[in-house]
1. Output the number of the condition that HIS40 fails; it satisfies all remaining conditions of (1) touching a Gly at 6+ places or on another chain (Cβ under 9 Å); (2) surrounded by fewer than 16 Cβ atoms within 10 Å (Cβ to Cβ); (3) touching a residue at least 40 places away in the same chain (Cβ under 8 Å); (4) of a type outside the set (A, V, I, L, M, F, W, C).
2. Which of the residues belonging to region 362-382 are modelled with pLDDT of 90 or more and either closer than 23 Å to THR195 by Cβ or not assigned by TED's automatic domain parsing to the domain that holds ASP349 (or both)?
3. For region 385-396, which positions are within 16 Å of VAL341 (Cα to Cα) and not in a loop (DSSP other than H, G, I, E, B)?
4. Going through region 113-150 one residue at a time, which ones are closer than 15 Å to ILE68 by Cβ and in contact (Cβ under 8 Å) with a residue 40 or more places away in the chain?
5. Out of (1) farther than 25 Å from VAL184 by Cα; (2) buried (at least 18 other Cβ atoms within 10 Å of the Cβ); (3) at pLDDT below 85, what's the single condition that is false for PHE302?
6. Just to confirm my filter: which strands (runs of 3 or more DSSP E) fall fully inside region 401-507 and include at least 1 residues that are in contact (Cβ under 8 Å) with a residue 60 or more places away in the chain and either surrounded by fewer than 15 Cβ atoms within 10 Å (Cβ to Cβ) or among the small types (Gly, Ala, Ser) (or both)?
7. Assess whether ALA7 counts as being crowded, with 23+ Cβ neighbours inside 10 Å, part of a helix (DSSP H, G or I), not assigned by TED's automatic domain parsing to the domain that holds PHE132 and not β-branched (Val, Ile, Thr).
Amino acid sequence: MEGLTVADVCRHYGRSSRTADRSALVLANGSVAWSQIDRHSTHLALALLSIGLEPGDKVAVLMANDGIYLEAMYGIAKAGLVIVPLNARSVAREIAYFLSRSDAKAVIVHSSLTQTLAEALPELAPPPAFVFVVGEESQLGVSYAELISTATASAAELPSVDPDDPYWLSFTSGTTGPPKAALVTHRRLLDTWNTFVREFELTSRDKILLAAPIYAGIGFNFALAALYGGGQLVMQPAFDAAAAIAAIDEHQVTMLPMVPTMYESMMNHPAATDADLSSVRVVLSLGSPLLNNTKKGLLALFPHGGIYEFYGSTELGATALIHPVDQLRKDRSVGQAVMGVQIRLLDEDGNDVPVGEIGEIYKRGLTMGSAYYRNPQETASMHRGEWITSGDMGRFDDEGYLYVVDRKKDMIVSGGFNVYPAEVEDVIAAMAGVRGVAVIGAPDSHWGEIVCAVVVLDDGVTAEDVSGHVSRELSDYKRPKRYVTVESLPLSAAGKVLKTTLRQQLASDDS
């Protein structure tokens, strides 16, 4: 499907006599055919353009997994607009930040999240011009159902969209400072989906369980990739181990894209004992490496499933994959480059590092990365000629397998969610009585990593006080699960906190 856009995928399946009536999506209350998704997404596209939005404008979506989310994804694509998925677990301060940095002109929000959005809007100047509410009516905006019912124009009046036009604005993080917005084109996404279809041999016979949040990269990419490959999406509103196990059994799911924490929960759930999980053929893990014991447990849980681990990022796109045959012999490796991609490890001077030594991970080829929105300096810093990096550090073994050994950004991956220490540190440092703070990731058998805050406090201030402050300012997955109070933080000669020293000290204390 060379030269296609996200919208073309929906039109193809929704209007072909072979696939129009095929179920694309399975929800708790029934299934949704391709023809309905195509029709509703076209109505949305026409309605958004009729209110004055123009191709290239940004539309934020604030909701958990829902069939309407899929309509919005395709409708925004058909209108030539750019989708900005917002984390449904974010607090008002975070929502305000994302909206201001994305220049979103409209927001589609679920009624359960209107209060959070209402608290965020006064912080914006100007706020988005339009708010559309899915679910119960709200004074905050116009009903989504009412919006799409106003579409009167013909689908032929939709604009022409080029594969190199931007489609997805996803928030990530720079080496330091707050999250940045990465702008991804239709072409980059379809290159990525082609990679998934090839690597996992996706066909119309596949059923993919989407329990990961669709607003996150894993859910966003794999929801659309599964449908692009002709598969059927079995969507859950949120991850629940018992519900996931039941869905696999009932619908004979063949593919699971999940993070290690989800797999751990399923392995330890009593419902797994009696369920029929034999239909699963692809067990895909993302976010952080699986432990060998977890791999062995998954092989027992899914007797016909092959374990894959995927490495990539918003900046890099699909980069590396480790296949079932290598899982147990290449512990903690992320595998080798996916088809059409080359990987290099470079030192500070841009030279290739020897095998076994650590260098910064660069790639080129298909699924190439994005540009940072309104940030040409950071975009330029990602590149060395035609090679691009996200700042991760890695090493090759003598067979060419890649191991990600550290994150130049110090990003923490907890339960599959990215947590950026600088953001957590800023919130804690703003509290009276905090004299110093450093946030690091600490290994955890369930979460992969947990957020750990090392704090220097005035007399009379406790870690419980800090925890209460943080709970009002940050999403739950960003909040430290562990607090360590110290007299002082280790500093370099330049006055920077030595986080490596802190990690070593915590590891020593835990041993």
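The values are calculated or read from the model by the stated rules, or taken from the named source; none is laboratory data. What you are looking at is a predicted structure, and each value in this text was computed from that prediction instead of being measured. Every residue, glycine among them, receives a Cβ derived from its backbone with ideal geometry; neighbour counts consider all protein chains shown.
1. (2)
2. TYR362, LYS363, ARG364
3. Within region 385-396, TRP387, ILE388, THR389, SER390, PHE396 meet the criteria.
4. LEU113, VAL134, TYR144, LEU147, ILE148, SER149
5. Condition not satisfied by PHE302: (3).
6. 412-414, 434-444, 448-457
7. Values: crowded, with 23+ Cβ neighbours inside 10 Å: yes; part of a helix (DSSP H, G or I): yes; not assigned by TED's automatic domain parsing to the domain that holds PHE132: yes; not β-branched (Val, Ile, Thr): yes.
Judged against the criteria, ALA7 is a match.
Yes or no, residue by residue, for (1) in contact (Cβ under 8 Å) with a residue 24 or more places away in the chain; (2) on the phi < 0 side of the Ramachandran plot; (3) buried (at least 20 other Cβ atoms within 10 Å of the Cβ):
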{"position": "GLU315", "(1), (2), (3)": "yes, yes, yes"}
{"position": "VAL334", "(1), (2), (3)": "yes, yes, yes"}
{"position": "VAL338", "(1), (2), (3)": "yes, yes, yes"}
{"position": "PRO354", "(1), (2), (3)": "no, yes, no"}
{"position": "THR379", "(1), (2), (3)": "no, yes, no"}
{"position": "TRP387", "(1), (2), (3)": "yes, yes, no"}
